[in-house]
Amino acid sequence: MRLPAMFFKFQFRNVEYSSGRNKTFLCYVLETQGKESATSRGYLEDEHAAAHAEMAFFNTILPKCDSSLRYNITWYVSSSPCVTCADRITETLKKNKNLRLTIMVGRLFMWEEAEMQAALKKMKSAGCKLRIMKPQDFEYVWQNFVEQEEGEEAKAFVPWEDIQENFQYYEEKLAEILH
């Protein structure tokens, strides 16, 4: 199952003011390390009030992982996690030494708030790699997770006008927070 193109174009757009973008989409790549290396991928979205996309991953995907195996997990997320989800990520990584998590985010969520900054720092110290999505990352998500409109040739990813400036803006902010 793939993400509808219109959701991707709206929700993943790395704008500074994300009004109306109050739903998180999480595309994941789960690589099993070792002799039975395998890769699975998919996407999750917030389940209304029930669970944020990050929690949905921990509730539905993670339990299927074998704790005796090592996993490299990459998330491509429209927005960085809220404080509650960031705390859950930190706890999960501390408990499960077999997990390596890299989170690529389109935008930073409420990054000016001290509580949010502290939560992001805790994630980093628990071993989570946090990165801002570059234009190439958006293209990767487009090619691997987004459904192409039917009857058309697979459309190339068309970057929005300020994609590079917005990436640099958020990359700078994240560097200041995590320094």
- Query: On full extension of the chain, what length is gained from residue 9 through residue 94, given 0.36 nm per residue of separation minus the C-alpha to C-alpha distance?
  - Reply: 27.2 nm
- Roll a 1.4 Å probe over the protein chains and send me the accessible area per residue for the chain in Å². 55
- Name the shape class, rounded, prolate or oblate, that the alpha-carbon gyration tensor gives for region 61-161, where a ≥ b ≥ c are the square roots of its eigenvalues, rounded holds for a/c under 1.5, and otherwise prolate holds if a/b is larger than b/c and oblate otherwise. oblate
- For the chain, which whole percent of the accessible surface, found with a 1.4 angstrom probe, sits on carbon and sulfur atoms? 49
- Relative contact order [Cα under 8 Å, 6+ residues apart], region 90-179, whole percent: 34
- Query: After finding the eigenvalues of the alpha carbon gyration tensor for the chain, what semi-axes result from the square roots of 5 times each, listed largest first in whole Å?
  - Reply: 24, 22, 15
- Task: Would you mind getting the Kirkwood hydrodynamic radius of region 17-113 from its Cα pairs, rounded to one decimal in Å?
- Result: 14.0
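The values are calculated or read from the model by the stated rules, or taken from the named source; none is laboratory data. Just so we're clear, the structure is a prediction, and the values are computed from it rather than from any experiment. These area figures cover heavy atoms from the full protein model, side chains too; ligands, DNA and RNA do not enter into them. Shrake-Rupley method; radii C 1.70, N 1.55, O 1.52, S 1.80 Å.
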